[in-house]
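Colleague: The structure is given below, and queries will be raised subsequently.
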Amino acid sequence: MGRKEQSLLKRVKASDKSAFQELFYDFHDSLFRFTVYRVHDEDVAEDITQETFLRVWKTRITIQPAKSFYSLIARISSNLCYDHFRHMEVRQRHKDSIPHYGESHFDNPEVGVQADALQMEIQCVVNGKLPEKCRTIFILSRIEGMTNPEIATLLDLSIRTVENQIYRALKILKKNLKNYL
């Protein structure tokens with residue numbers, strides 16, 4: 001590791017945006033190639049690369065300038081790749097258990113219509129009645145399949161806050177869907 005990198009890391013730790021920008025330009029391409037190699041999808045790799053740098057900036061106070069910056073971002077990127085594959089696996093596992101729009105697994109068409117109406121009502125409540133933070137956490141938990149600790153880490157919140165927001169979302173859903181329950 002060179003003195004330039006160490007100097008940039010010290011400046012980033014002190015919240016210097018221009019130093020961070022310089023590190024971003026110096027390391028973006030190599031991290032992107034590393035990530036593409038792991039996920040085999042350029043769009044996903046770019047998202048992971050961007051998220052890696054975002055996490056570095058959010059946690060800049062913990063940067064250790066004496067340690068390799070590339071090792072840090074490679075570790076963060078590897079963890080994000082792992083999360084990506086785990087989420088893909090969860091989605092694939094649950095794909096067959098979730099009815100697709102226009103399909104009905106019911107013999108009685110009326111039951112299918114009621115199920116579609118319930119699904120639309122749930123979407124309306126989630127999108128229209130849940131506060132933004134609550135909605136984001138609920139979607140990450142119930143639709144994306146993330147665990148509470150993962151959500152807490154991603155959104156930089158305490159696990160207790162995540163639990164409270166999920167409880168709040170479920171309470172609002174229950175109140176607004178009482179006619180369907």
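Listed here are the residues, each with its yes/no results for (1) touching a helix residue (DSSP H, G or I) at 6+ places or on another chain (Cβ under 9 Å); (2) under 24 Å from F85 (Cα atoms).
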{"residue": "R3", "(1), (2)": "no, no"}
{"residue": "S7", "(1), (2)": "yes, no"}
{"residue": "K13", "(1), (2)": "yes, no"}
{"residue": "L23", "(1), (2)": "yes, no"}
{"residue": "L31", "(1), (2)": "yes, yes"}
{"residue": "Y37", "(1), (2)": "yes, yes"}
{"residue": "T62", "(1), (2)": "yes, no"}
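Colleague: Determine the pairs where a residue that is closer than 17 Å to F85 by Cα, located within segment 144-155, has a partner that is hydroxyl-bearing (S, T, Y) with Cβ atoms under 7 Å apart, the partner being 6 or more residues away or on another chain.
Modeller: Final answer for the pair search is I151/S141.
Every residue, every condition in (1) loosely packed, with under 14 Cβ neighbours inside 10 Å; (2) modelled with pLDDT under 75; (3) not polar (S, T, N, Q), yes or no:
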{"residue": "F32", "(1), (2), (3)": "no, no, yes"}
{"residue": "E89", "(1), (2), (3)": "yes, no, yes"}
{"residue": "H94", "(1), (2), (3)": "yes, yes, yes"}
{"residue": "Y101", "(1), (2), (3)": "yes, yes, yes"}
{"residue": "Q114", "(1), (2), (3)": "yes, yes, no"}
{"residue": "M120", "(1), (2), (3)": "yes, yes, yes"}
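Colleague: Anything in segment 141-181 that is in a loop (DSSP other than H, G, I, E, B), surrounded by 16 or more Cβ atoms within 10 Å (Cβ to Cβ) and at pLDDT 85 or above? List them, or say none.
Modeller: Going residue by residue through segment 141-181, those that are in a loop (DSSP other than H, G, I, E, B) are 144-147, 156-158, 177-181.
Subset that is surrounded by 16 or more Cβ atoms within 10 Å (Cβ to Cβ): 146, 157.
Matches in segment 141-181: L157 only.
Colleague: Restricting attention to segment 9-54, report how many residues are among the hydrophobic types (A, V, I, L, M, F, W, C) and either touching a residue at least 24 places away in the same chain (Cβ under 8 Å) or in contact with a His (Cβ under 6 Å, 6 or more places away or on another chain) (or both). It would help to see each step written out before you state the result.
Modeller: Step one: of segment 9-54, the residues among the hydrophobic types (A, V, I, L, M, F, W, C) are 9, 12, 14, 19-20, 23-24, 27, 31-32, 34, 36, 39, 44-45, 48, 53-54.
Now drop any that are not either touching a residue at least 24 places away in the same chain (Cβ under 8 Å) or in contact with a His (Cβ under 6 Å, 6 or more places away or on another chain) (or both), which leaves 9, 12, 20, 23-24, 27, 31, 34, 39, 44, 48, 53.
Total satisfying the criteria: 12.
Colleague: Of all residues in segment 35-78, which are surrounded by 14 or more Cβ atoms within 10 Å (Cβ to Cβ), farther than 19 Å from Q21 by Cα and of a type in the set (S, T, Y)?
Modeller: Within segment 35-78, T35, S78 qualify.
The values are calculated or read from the model by the stated rules, or taken from the named source; none is laboratory data. In this text the structure is predicted, and so the values were computed from the model without any measurement. Backbone-built Cβ (ideal geometry, glycine too); neighbour counts: all protein chains shown.
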